[in-house]
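K.L.:
Provided herewith is a single structure, encoded as structure tokens, for subsequent inquiry.
The values are calculated or read from the model by the stated rules, or taken from the named source; none is laboratory data. What you are looking at is a predicted structure, and each value in this text was computed from that prediction instead of being measured. Here the Cβ positions follow ideal geometry from the backbone for every residue, glycine too, while neighbour counts run over all protein chains shown. For the accessible areas, the whole protein counts, side chains as well, though only heavy atoms, and no ligand, DNA or RNA atoms are used. Shrake-Rupley method; radii C 1.70, N 1.55, O 1.52, S 1.80 Å.
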Amino acid sequence: MSKIYVSTPYLPPLDELVPYMQDIWDSRMLTNNGKFHRQLERELAGFLGVSCVSLFANGTLALIAALKCLAIKGEVITTPFSFAATANAIVQAGLKPVFADVDSYYGNLDPKKIEKAITPDTAAIMPVHVYGHPCDVEGIDAIAKKYSLKVIYDAAHAFGARYKGRSLLSFGDISAVSFHATKSFNTFEGGALICRSPEIKRRIDSYKAFGIQDDGDIYQAGTNAKLNEFQAALGLLQLKHFDRILNERRALTMLYHQHLDGIEGISCISQKEEEAYNYAYFPIFVDEKVFGTGRKGLAALLFAQDIVAREYFYPLISDFDFYKKLYPHNENGFPAARSLSEKVLCLPLYPGLAKSDVQRICAIISEAKR
Ligand SMILES: *Cc1c(COP(=O)(O)O)cnc(C)c1O
């Protein structure tokens, strides 16, 4: 039996890709805002129901560009319970990340903790919709208004997620998504910024192409973070299959809930009533005191059966050497984030995962209860 990983990228049938490649080969248009690039920006805007989409080479460069294009200066409040790219992007943009704690259920930045972390140097908030579940967008919006802060969502997990009937990507000043191979919508590598005005989009589009503006002049030193035509074609193809993939992810998620909900010492995340979830991840939180077997032990039991579950996110970003040296006072901080991080195990979830495998995984987990 072959190994089951936490995620396996969806790939559209190869024969569907061939006509796109033929087009690229014929036109010799490989990059620089080509036909597929423009088409993907349009189709994504339509699919998501947002006004402005700017494609990027990856999600990290998109996050950096968002900070640069909103001319953020000073401190940016963010979460330690995320992938390192979130805080790294803030540092890469020449800014100072300030970590605040999360809520103890979804693992998203807690507005009350954000407010406590505000200083005269705070310029922006960078929350993460962890696992694709919506942050308290209203709470964060209220704080942003009260203190005149910009909000840039790291929405790397949130593609296709909706909240109160709106794309989750439409909240805040800018949202950044990732199209990395491990994400629920992929272009091998890639990403996008979703913003609210054509004027900001023009600034973003110029920034990702060296800072060159429509008149050919350069007013801001930009970078090169363009998505190429091959990747844009992958995105167009992937989009055709997204709804079917989402249904498959939903069915597998329901099966996990059916078998795992109610096991003492294992908690799963339920959706908010107002959210239409994208079923991007299936994290469980193992309370060793109640369950008997710890998170590490459970991961080892699964691994022995060729099932690779991941401690995602562990450790906290603030516990990585670079950030610990920067902020030694954070040691032992963020009790809610720390507790989630020490309990979490993301179980395999991807289109093509067999229902029988989900059942097998759940059986291993329920047998591990002591
Ligand atoms: C994947 C991810 C990123 C980075 O996206 P890339 O496209 O890989 O650069 C940023 N933040 C979070 C939370 C992620 O999971």
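K.L.:
With just the Cα atoms defining each centre, how far is the range 74-108 from the range 145-223? Give it in Å.
P.N.:
Here the two parts' Cα centres lie 17 Å apart.
K.L.:
Take every DSSP beta bridge with both residues inside the chain and express the antiparallel ones as a percent of the total, to the nearest 5.
P.N.:
Bridges in the chain that DSSP calls antiparallel: roughly 60 percent.
K.L.:
Of Ala87, Ala65, Ala142, which is the most mobile in a GNM of the chain whose springs link Cα atoms less than 10 angstrom apart?
P.N.:
Judging by the Gaussian network model, the answer is Ala142.
K.L.:
Still on this model: Mind giving me the nanometre distance, one decimal, between the label points for Asp357 and Tyr5, set 7 Å out from Cα along Cα→Cβ?
P.N.:
In this crude label model, Asp357 to Tyr5 measures out at 1.1 nm.
K.L.:
Show me, for the range 72-77, the HN-Hα J-couplings you get by feeding each phi into the Karplus relation (A = 6.51, B = -1.76, C = 1.60, θ = phi - 60°), rounded to Hz, glycine and proline as x.
P.N.:
For the range 72-77, the Karplus-derived couplings read 6, 10, x, 9, 10, 7 Hz, x marking Gly and Pro.
K.L.:
Let me have the relative contact order for the chain, percent, based on Cα pairs under 8 Å that are six or more residues apart.
P.N.:
Worked out over the chain, it gives 22 percent.
K.L.:
Points 7 angstrom from Cα along the Cβ direction at Gln22 and Ala71: gap in nanometres?
P.N.:
Taking the simple label geometry, Gln22 and Ala71 are separated by 5.0 nm.
K.L.:
Any chance you could tell me what percent of the C-alpha pair distances in the range 124-185 go past 16 Å?
P.N.:
39
K.L.:
Using DSSP H assignments, which helices in the chain have an axial alpha-carbon span of 30 Å or above and a mean Kyte-Doolittle hydropathy of -0.5 or higher?
P.N.:
Span-like helices in the chain: 229-260.
K.L.:
Report the local net charge at Gly265: Lys and Arg +1, Asp and Glu -1, summed over other residues whose C-beta lies under 13 Å from its C-beta.
P.N.:
After counting each charged neighbour, the total is +1.
K.L.:
I'd like the FRET efficiency for Asn247 and Lys146, computed as 1/(1 + (r/R0)^6) with the beta carbon distance as r and R0 of 51 Å, rounded to 0.05.
P.N.:
0.80
K.L.:
Could you work out how much longer the chain between Lys289 and Lys325 gets when fully extended? Use 0.36 nm per residue separation minus the Cα distance between them, nm to one decimal.
P.N.:
Going from the current span to full extension adds 9.7 nm.
K.L.:
Further, regarding this structure: Tally Lys/Arg at +1 and Asp/Glu at -1 over every other residue whose Cβ is under 14 Å from the Cβ of Gly172; what's the total?
P.N.:
That sum, taken over residues with Cβ under 14 Å, equals -1.
K.L.:
Kindly give the semi-axes, whole Å and largest first, of the ellipsoid equivalent to the range 242-369, taking each as the square root of 5 times a Cα gyration tensor eigenvalue.
P.N.:
Result for the range 242-369: semi-axes of 27, 19, 14 Å.
K.L.:
What distance in nm separates the two pseudo spin-label positions at Ala300 and Glu275, each 7 Å out from Cα along the beta-carbon direction?
P.N.:
My value for the distance between the label points is 3.3 nm.
K.L.:
Could you work out the local net charge near Asn330, counting Lys and Arg as +1, Asp and Glu as -1, over the other residues with Cβ closer than 10 Å to its Cβ?
P.N.:
-1
K.L.:
Binned at 5 Å from 0, what are the whole-percent values of the Cα-Cα distance distribution for the range 30-154, short to long?
P.N.:
2, 11, 20, 20, 19, 13, 9, 4, 2, 0
K.L.:
Using only the Cα atoms of the range 14-238, build the gyration tensor, take square roots of its eigenvalues as a ≥ b ≥ c, and label the shape rounded, prolate or oblate: rounded if a/c is under 1.5, else prolate if a/b is larger than b/c, else oblate.
P.N.:
Prolate, because a/c is 1.5 or more and a/b exceeds b/c.
K.L.:
Given the options Pro315, Pro335, Pro80, state which has the largest fluctuation in a GNM of the chain using a 10 Å cut-off (strictly under) for Cα springs.
P.N.:
Pro335
K.L.:
Another question, then. Using a Förster distance of 41 Å, how high is the FRET efficiency between Glu199 and Lys112, based on the Cβ-Cβ distance and rounded to 0.05?
P.N.:
0.75
K.L.:
Then there is this: Sort Lys3, Lys183 by heavy-atom solvent-accessible area, probe 1.4 angstrom, most to least.
P.N.:
Lys3, Lys183
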